[in-house]
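Take a look at the structure set out below.
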Amino acid sequence: MSRVGAYQKFARYYDLYVGGFDADLPLYLSLCERSDRILEVGCGTGRVLGAFLDAGYEIDGLDTSPEMLQIAEEKLGAHLQSGRLRLHCGTLDRIPFDQPFDRILVTWFTFNYLIEDREREEFLAHSFETLAPGAAIAMDLLYPRPLQRPETENQWQETTFDVDGRSVLLRQKRRMMGDVEERIQIYREDATSEEILTRRRYVGKEQSARLLEKTGFREVRIVDDYDPSGWHPLRRDEATNQSFVVTARKP
């Protein structure tokens with residue numbers, strides 16, 4: 001299943017799945033202090049966008065899923081009308097932004113959905129071109145659950161979501177195929193059932209730094225646990241044992 005096809009189905013369940021997760025928001029907000037032009041790549045249904053708008057920022061959101069963006073429009077329509085929010089459907093290489101950005105936020109493991117080397121290289125090159133000199137990119141990168149908890153690999157896990165009168169049962173399992181995590185999710189609601197297959201490529205700390213530096217980025221820094229005070233340069237032989245955020249600056 002293509003990424004677009006997966007997210008066409010996933011849009012209906014996305015807010016249930018993400019729930020009230022907000023641990024990353026203070027980190028993103030701290031990264032964007034004194035930034036006038038902010039772009040979130042992989043904005044989905046507007047979880048991060050809403051936090052920035054509530055904090056008084058203007059922001060652009062980019063996503064490949066029209067279904068996700070439609071939900072974001074419904075949730076944040078007043079900000080679209082005021083001009084403080086702009087939503088774009090597509091990818092960085094197809095959207096002609098009129099001005100460069102001060103910050104690009106690649107949230108919620110969006111970069112990990114780029115499986116092929118060419119895709120990743122092109123994404124970073126377009127990000128570099130879309131930033132102003134001295135501006136920075138930040139990417140939230142996945143540490144796959146089968147690596148973190150090997151006993152769960154290829155084992156079905158069940159979760160029930162009961163929100164706003166909806167009751168949805170989720171069964172999911174994950175397995176590693178080399179450095180790619182394959183995830184199968186089955187959502188059941190009333191008499192309907194949707195199976196969604198997604199693949200995400202694992203990128204460790206050292207590899208993320210090499211990719212960014214190869215593109216031309218400098219001043220690579222890493223943080224675990226979304227801790228705004230925890231930024232540090234990549235240490236020699238620093239292990240990757242959980243998801244992390246990496247940031248780098250365009251000279």
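Only lysine pairs 8 or more places apart, or on different chains, with alpha-carbon atoms under 20 angstrom apart are counted in the chain, and they number 5. Each residue of segment 58-147 gets 122 Å³ once the volume of the Cα convex hull is shared out per residue. Taken one residue at a time, the phi angles of segment 105-119 give Karplus couplings (6.51, -1.76, 1.60, θ = phi - 60°) of 10, 10, 9, 6, 6, 4, 4, 5, 6, 8, 8, 7, 4, 4, 4 Hz. Gly and Pro are set to x.
Label-to-label distance for Arg188 and Glu122 is 4.0 nm, based on points extended 7 Å past Cα in the beta-carbon direction. The coefficient of translational diffusion for the chain, derived via Stokes-Einstein from the alpha carbon Kirkwood radius under 10 °C and 1.306 mPa s, stands at 84 µm²/s.
If you take the beta carbon distance between Leu80 and Ala239 as r and set R0 to 35 Å, what does 1/(1 + (r/R0)^6) give as a FRET efficiency, to the nearest 0.05?
0.25
Shape class for segment 1-130: rounded, because the ratio a/c of the largest to smallest gyration tensor axis (alpha-carbon atoms, square roots of eigenvalues) is under 1.5. Computed 3J(HN,Hα) for segment 34-41, one whole-Hz value per residue from the Karplus formula 6.51 cos²θ - 1.76 cosθ + 1.60 where θ = phi - 60°, is 6, 9, 9, 10, 10, 10, 9, 9, glycine and proline marked x. For segment 145-199, rounded, prolate or oblate, judged on the Cα gyration tensor with a ≥ b ≥ c (square roots of eigenvalues), a/c < 1.5 rounded, else prolate if a/b > b/c? Prolate is the answer for segment 145-199, as a/c is 1.5 or above and a/b outweighs b/c. A DSSP coil position with no more than 16 other Cβ atoms inside 10 Å describes the following trypsin sites (Lys or Arg not before Pro) in segment 28-126: Arg34, Arg84, Arg94. For segment 153-251, chymotrypsin sites (Phe, Trp or Tyr not before Pro) are listed when DSSP marks them as loop and at most 16 other Cβ atoms sit within 10 Å of their Cβ; the list is Trp156, Trp231. With springs only between Cα atoms under 10 Å apart, run a GNM on the chain and tell me which of Arg236, Arg12, Arg188 wobbles the most. For the chain, modelled as a Gaussian network with Cα springs under 10 Å, the answer is Arg236.
Using a Gaussian network model of the chain in which every pair of alpha carbons under 10 angstrom is joined by a spring, one finds that among Leu69, Leu141, Leu16 the greatest mean-square fluctuation is at Leu16.
DSSP loop GluC sites (Glu not before Pro) in segment 72-128 with at most 11 other Cβ atoms within 10 Å of their Cβ, which ones? Hits after loop and neighbour filter: Glu116. Placing a pseudo-label 7 Å from each Cα along the Cα-to-Cβ vector at Arg249 and Ala55 gives an inter-label distance of 1.9 nm. Distant-in-sequence amide contacts of Trp108, defined by a placed amide H-H separation under 5 Å and a gap of 5 or more residues or a different chain, comprise Asp140.
None of the figures in this text is laboratory data; all of them are computed from the coordinates on show. Model, not experiment: these values are computed from the prediction. FYI the Cβ positions are ideal-geometry reconstructions off the backbone, even for glycines, and counts take in every protein chain you see.
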